[in-house]
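Data block below; observations after.
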Amino acid sequence: MITHLKPSSGAHIGTPVTVGHIMGQVMLALTPATAFGLYVFGWPALNLFVITVLSALFFEAVCLKLAGRIAKPVLMDGSAVLTGWLLAMTLPPWAPWWIGVVGSGIAMILGKQVYGGLGQNLFNPAMLARVALLISFPIEMTTWANVSPLFFSDSPSISDSWRITFAGLTNIDAVTGATTLGFIKTEFSQNHLLPDILKDYSEILNFIGWTRGSLGETSTLFLALGGIWLIRQGIIQWHIPVSLLLTVAVLSGIFHTVDSQHYASPLLHLNSGAMMCVAFFIATDYVTSPNTPAGQLVFGAGCGLLIFVIRTWGAYPEGSGFAILLMNSATPLIDYYIRPRIYGRDRKGKPIEINKS
Amino acid sequence: MLSFFAKPRIRGGVHAEERKAATANLPIVTDFPLPKKLYIPLQQHVGKPAEPLIRVGDKVLKGQLLAYSQGMISAPVHAPSSGSIIDVNDYPAPHPSALPIRTIVLETDGNDEWVTTPNITDPFQLSPEDISLRVGAAGIVGLGGATFPTAVKLNMGRDNHVDTLIINGAECEPYLSCDDRQMQERADQIIDGVRLMLHSMVAHSAVVAIEDNKPLAFLAMQTAANPFPAIKVIQIPTRYPMGWDRQLIRYVTGKEVPIGCRSSEIGVTIHNVSTAYAVHKAIRLGQPLVSRVVTVSGGAVARPLNIEVPLGTLISDLFVFCSVNPSHIARIVMGGPMMGDSLPHTHLPTVKATSGILALTQSELKNTEEQPCIRCASCVSVCPAGLRPLDMANNIRMNQLDVAVDIGLKDCISCGCCSYICPSNIPLVQYFKYASGEVAARQQAQHKSEQTKRLIDARNARMERIAQQQAAEEQARLAAKAEREQRQAEQEVTT
Ligand code: SF4
Ligand code: SF4
């Protein structure tokens with residue numbers, strides 16, 4: 001009905017920024033953290049990364065085929081690669097190949113295409129997939145490889161990596177362990193206290209990412225840098241990351257001050273790649289976050305609150321995905337209630353009064 | 001600190017690449033060769049079309065009245081040159097549809113001979129009403145593109161005791177530089193026009209607002225305004241759409257015009273710099289509005305220029321003069337690239353609203369390959385009116401026009417910021433214009449069907465009444481008959 005109207009009205013010119021450009025910039029911002037993650041966890045991580053991204057593309061293409069659409073231009077917009085990429089970053093680095101495939105399948109089919117494709121989904125596809133995997137395969141999704149960088153003698157070689165990815169780990173206990181948050185959780189259950197638990201915790205190693213964690217989520221430094229760069233590029237707005245991080249900092253600050261034996265400090269919460277990844281790259285997903293600055297502040301604060309609650313008391317210490325999904329479902333509501341004020345009208349939409357002064 | 005929390009003075013907007021340099025440094029060309037024929041539409045303004053008072057075959061002089069203004073909101077049309085009238089008929093209008101409108105065709109005689117114009121020694125002796133009358137009689141309308149009759153605005157300003165007159169020298173549309181050049185070259189005349197407008201509105205202060213990307217124009221205007229303390233010349237930030245009257249009013253005065261009100265109701269009136277120049281010419285020289293400065297620019301134009309042309313000049317004539325290469329043209333736009341409309345061909349006249357004619361090449365145009373909306377919210381943040389273009393477009397796509405209207409469709413000013421910024425190349429403004437048209441059409445249709453229904457109802461009621469009447473009469477007749485028969489029977493019995 002309107003699709004074939006040739007544009008006769010403005011704007012006849014436009015910004016050079018396209019969807020592909022935006023996706024490209026986000027990938028660029030993710031590259032340092034990803035590269036570092038791949039280095040720290042070696043060949044098995046690279047296998048998983050490639051498998052996850054390729055299967056995301058594959059599932060997107062299949063869905064488009066089934067829907068009778070031409071796949072190539074849609075695949076070229078970069079959104080499928082980005083979803084696969086983000087998902088891979090949140091997976092345990094040495095997870096078996098099928099975790100990546102199943103995850104991508106969930107993300108692309110259930111997370112995106114059943115809603116009608118790009119821009120239509122309610123939930124962040126990568127987070128939906130991650131949470132589904134975490135619930136379905138709790139063992140594989142919480143097996144965290146030790147730091148084993150490329151080209152170190154103890155690290156798996158390429159041939160080892162094929163075995164790890166396709167046949168699974170054999171000597172699990174020797175090469176894996178817990179993340180900081182998971183460790184705190186289990187130690188608490190044995191009635192240990194924080195100062196004791198964190199004897200071996202190193203701020204600086206966590207900061208650069210020399211620690212156990214998801215494939216691309218270990219480095220606070222690289223993820224924060226990437227995120228700040230994205231804000232400077234104007235690709236994302238500051239509202240969500242700032243309100244999210246601030247909320248976590250304030251809440252953990254309060255609890256830590258009250259009881260420093262049981263509640264981790266704000267520094268420990270914020271000095272986490274996973275936190276940075278969520279704040280800058282996951283919560284800021286255009287499609288599933290509100291579209292006004294005020295709405296974004298509310299959304300970010302909500303995410304921060306839920307993340308803190310889940311991390312502190314929840315069963316899944318690395319479960320910020322749940323927080324994101326919950327807030328995703330609140331996004332339509334936030335957008336409904338928080339709207340910009342229309343020029344010449346008050347917040348309720350009535351024409352503003354003329355004050356004769 | 002307090003000002004940090006105060007309402008922001010500029011909302012939304014985009015910083016588009018200006019592309020003004022090609023024309024902004026060249027003087028206005030005033031020796032455009034007089035075209036053989038001029039096509040003068042009778043409606044070049046908001047309001048009722050003018051009514052012609054000449055006949056085919058008449059000889060007219062430059063500046064002679066061709067069609068008079070009809071009704072409260074209208075404007076007359078004058079002969080842009082001397083010659084003879086060869087047709088009064090429907091010709092394509094400079095509009096995307098190029099639908100025909102009533103147009104006077106004037107064949108020029110080459111003499112360009114003026115009618116005798118009255119000589120006014122001191123216009124400040126004239127009464128304010130008299131100035132508005134003369135401005136109205138000169139056919140002056142808002143030359144920034146709004147084309148609202150200037151005299152009506154002056155009268156409203158006077159009636160509402162407006163205290164501030166804002167002169168819009170923002171010229172925020174990319175490519176266009178006709179106002180910039182006029183301010184540089186004709187600053188004294190423009191300031192004179194501003195003073196005349198102040199006199200006509202009985203207002204005391206004027207603010208000339210110029211975007212800070214036009215330093216030369218600013219200097220020239222400042223120098224010209226120096227002797228007159230009532231006129232202040234200020235610089236404003238360069239940001240489209242700074243020249244949107246309501247945005248400018250808020251920036252300059254801090255006041256916001258309520259929806260559904262005219263700016264004069266909050267004590268402000270806004271006019272364009274070119275309009276001020278036209279007022280000067282009308283009052284000081286007695287010359288009606290018969291020409292205007294037009295920016296001809298764009299990638300397909302070999303000789304981009306600002307030209308003063310007689311109204312009614314065909315765009316094709318302009319393009320020949322500016323050496324436009326037709327094979328490079330991807331789109332012809334009248335006005336600026338943000339709000340202007342594309343034209344289907346060049347056999348269309350320039351009118352009072354024509355601030356620019358652009359011949360754009362493919363590489364200058366926004367890509368039209370539409371992709372799905374990624375909800376990036378850029379369109380929300382650039383909308384100066386505070387709307388949510390993505391939601392409106394969604395509703396329109398799903399044919400929920402009422403919802404679109406509810407969330408602000410009618411408050412859209414078609415500024416084009418949202419279309420400009422959208423990374424998915426969604427022609428948002430196109431959607432909104434389509435929907436507004438559709439809503440208007442539906443309302444009209446509903447109005448019509450309601451009227452028809454009323455007529456049918458009335459007819460039914462009438463028919464029913466007649467039927468009832470007939471039935472009642474029939475009954476009365478039957479009753480009378482029965483009575484008669486009974487009486488007859490009784491008589492028969494008694495006899
Ligand atoms: S700018 Fe375009 S893609 Fe972004 S939210 Fe608006 S309509 Fe959607
Ligand atoms: S065209 Fe309308 S919706 Fe788009 S930015 Fe301008 S006012 Fe807002």
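Some points to look at:
- Against the list (1) within 14 Å of another protein chain (Cβ to nearest Cβ); (2) assigned to a helix (DSSP H, G or I); (3) open to solvent by 50 Å² or more (accessible area, probe 1.4 Å), the condition A:Leu230 fails is (3).
- Complete set of residues in region B:412-440 that are in contact (Cβ under 8 Å) with a residue 60 or more places away in the chain and either more than 13 Å from ligand 2 (Cβ to nearest atom) or part of a loop (DSSP other than H, G, I, E, B) (or both): B:Ile413, B:Ser414, B:Cys415, B:Gly416
- Total residues in region B:316-355 satisfying the condition of being within 13 Å of chain A (Cβ to nearest Cβ) and either open to solvent by less than 20 Å² (accessible area, probe 1.4 Å) or assigned to a strand (DSSP E or B) (or both): the figure is 12.
- When A:Ala145 is tested against (1) farther than 18 Å from A:Gly37 by Cβ; (2) buried (at least 22 other Cβ atoms within 10 Å of the Cβ); (3) small (Gly, Ala, Ser), exactly one condition is not met: (1).
- Boolean, B:Gly408 is free of Cβ contacts under 8 Å to residues at least 60 places away in the same chain, farther than 23 Å from B:Pro94 by Cβ and of a type outside the set (A, V, I, L, M): yes
- Residue check for B:Leu387: open to solvent by less than 10 Å² (accessible area, probe 1.4 Å) and within 14 Å of ligand 2 (Cβ to nearest atom): yes
- Residue check, A:Ile240 modelled with pLDDT of 80 or more, at negative phi and not in a helix (DSSP H, G or I): no
- Subset of region A:135-181 [under 22 Å from A:Glu217 (Cα atoms) and hydroxyl-bearing (Ser, Thr, Tyr)]: A:Ser136, A:Thr142, A:Thr143, A:Ser148, A:Ser155, A:Ser161, A:Thr165, A:Thr176, A:Thr179, A:Thr180
- Residue list for region B:378-411, restricted to those being away from ligand 1 (no atom under 12 Å from the Cβ), outside any loop (DSSP other than H, G, I, E, B), more than 16 Å from B:Gly437 (Cβ to Cβ) and among the aliphatic types (A, V, I, L, M): B:Val403
- Close Cβ contacts (under 6 Å, 6 or more residues apart or on different chains) running from residues in region B:364-385 that are farther than 14 Å from A:Pro16 by Cα to residues that are within 10 Å of ligand 2 (Cβ to nearest atom) and acidic (Asp, Glu) comprise B:Ala385/B:Asp411.
- Selection from region B:412-425 of residues that are of a type outside the set (S, T, N, Q) and within 12 Å of ligand 1 (Cβ to nearest atom): B:Cys417, B:Cys418, B:Tyr420, B:Ile421, B:Cys422, B:Pro423
- Listed by position, the helices (runs of 4 or more DSSP H) enclosed by region A:35-129 that each have at least 3 residues that are surrounded by fewer than 22 Cβ atoms within 10 Å (Cβ to Cβ) are A:71-76, A:97-105.
- Of all residues in region B:426-445 being crowded, with 18+ Cβ neighbours inside 10 Å and within 7 Å of chain A (Cβ to nearest Cβ), the one that is farthest from ligand 1 (Cβ to nearest atom): B:Lys433
Quick grid of which residues meet (1) of a type in the set (Lys, Arg); (2) in a loop (DSSP other than H, G, I, E, B); (3) within 20 Å of the chain's Cα centre (by Cα); (4) over 22 Å from A:Leu325 (Cβ atoms):
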{"position": "A:Gly216", "(1), (2), (3), (4)": "no, yes, yes, no"}
{"position": "A:Gly234", "(1), (2), (3), (4)": "no, yes, yes, yes"}
{"position": "A:Leu245", "(1), (2), (3), (4)": "no, no, yes, no"}
{"position": "A:Leu251", "(1), (2), (3), (4)": "no, no, no, no"}
{"position": "A:His269", "(1), (2), (3), (4)": "no, no, yes, no"}
{"position": "A:Met276", "(1), (2), (3), (4)": "no, no, yes, no"}
{"position": "A:Leu297", "(1), (2), (3), (4)": "no, no, yes, no"}
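- Test: residue in region B:159-169 that is in contact (Cβ under 8 Å) with a residue 24 or more places away in the chain and of a type in the set (Gly, Ala, Ser): yes
- With respect to the stated conditions, B:Ala302 is aliphatic (A, V, I, L, M), more than 14 Å from chain A (Cβ to nearest Cβ) and free of Cβ contacts under 8 Å to residues at least 40 places away in the same chain.
- Residue match in region B:409-416 (condition: within 10 Å of another protein chain (Cβ to nearest Cβ) and surrounded by 24 or more Cβ atoms within 10 Å (Cβ to Cβ)): yes
- Qualifying residue in region A:74-81 (condition: within 22 Å of A:Thr284 (Cβ to Cβ) and among the charged types (D, E, K, R)): yes
- Candidates B:Val257, B:Val252, B:Val279 - the one that is open to solvent by less than 20 Å² (accessible area, probe 1.4 Å) and away from chain A (no Cβ under 11 Å): B:Val279
- On the stretch given as region B:9-33, residues that are of a type outside the set (Lys, Arg) and open to solvent by 60 Å² or more (accessible area, probe 1.4 Å) total 10.
Rundown of residues vs (1) over 17 Å from A:Leu245 (Cβ atoms); (2) within 14 Å of chain B (Cβ to nearest Cβ); (3) open to solvent by 30 Å² or more (accessible area, probe 1.4 Å), yes/no style:
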position: A:Gln296; (1), (2), (3): no, yes, no
position: A:Phe308; (1), (2), (3): no, no, no
position: A:Ser320; (1), (2), (3): no, no, no
position: A:Ala323; (1), (2), (3): no, no, no
position: A:Tyr337; (1), (2), (3): yes, yes, yes
position: A:Arg341; (1), (2), (3): yes, yes, yes
position: A:Lys348; (1), (2), (3): yes, yes, yes
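- Yes/no for A:Leu205 being assigned to a loop (DSSP other than H, G, I, E, B) and aliphatic (A, V, I, L, M): no
- The residue that is modelled with the lowest pLDDT, counting only those in region B:126-144 that are part of a loop (DSSP other than H, G, I, E, B) and buried (at least 22 other Cβ atoms within 10 Å of the Cβ), is B:Gly144.
The values are calculated or read from the model by the stated rules, or taken from the named source; none is laboratory data. Quick caveat, the model's predicted, so the values are computed rather than measured. Here the Cβ is made from the backbone with ideal geometry for all residues, glycine too, and neighbour counts use every protein chain on show. With ligands, DNA and RNA removed, areas are computed over all heavy atoms of the protein, side chains included. Shrake-Rupley method; radii C 1.70, N 1.55, O 1.52, S 1.80 Å.
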